[in-house]
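Every read-out reported here was derived from the displayed coordinates using simple, explicitly stated rules and does not represent laboratory data. Computed from a predicted model, the values in this text were never measured in an experiment. Positions of Cβ are backbone-derived with ideal geometry, glycine not excepted, and every protein chain shown enters the neighbour counts.
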Amino acid sequence: MANRATDRELSARVAAALQMLNDGKGSAYAAALLSVDYAISLRQARRYVNLAALELCNDLNPSELDTIATISLHRLELIAGRAMDSGENALAISATKAHLSAVAQLRRAISAPMTKFRLSTAYTAPPDPPF
């Protein structure tokens, strides 16, 4: 069985990942660097980078999420339009596909039914002690 990282090692690795992300290194590159620097698997390095990325994210309300989605869709549409005007058909097709995929994901997210959890109202007595 492989040795697990101590809390101190985990904190150091997440801090290193956070510094790399803050310096503008992409998540894939940061994970590759962590993997080499700490002699860990790329999969484990990605976990540290993901933990660090969570620290960079602010909580968003639905209105802010709508704004971000709208801007992203607008940018994809703009990229597709400019690519078509300049004759870059491959880029135009890729941007159009990305736009359609994003719209489909948003529609699924908006129309997804709310999940209700039903909690039991019956009282469950704790188990008898084993002695």
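Sorting the Cα pairs of the range 62-111 by distance into bins of 5 Å, from 0 upward, gives 4, 23, 25, 21, 13, 8, 5, 0 percent per bin. Each residue of the range 9-25 is assigned a 3J(HN,Hα), and the resulting list reads 5, 4, 4, 5, 5, 5, 5, 5, 5, 4, 5, 5, 5, 5, 7, x, 6 Hz, derived from the Karplus form 6.51 cos²θ - 1.76 cosθ + 1.60 (θ = phi - 60°), x at Gly and Pro. Once you list every other residue whose beta carbon is under 12 Å from the beta carbon of A17, what net charge do they have if Lys and Arg are +1 and Asp and Glu are -1? Every neighbour counted, the sum reads +1.
Each listed q (0.15, 0.21, 0.24 Å⁻¹) maps to a log10 I(q)/I(0) for the range 7-56 from the Debye sum over equal C-alpha point scatterers, namely -0.28, -0.57, -0.75.
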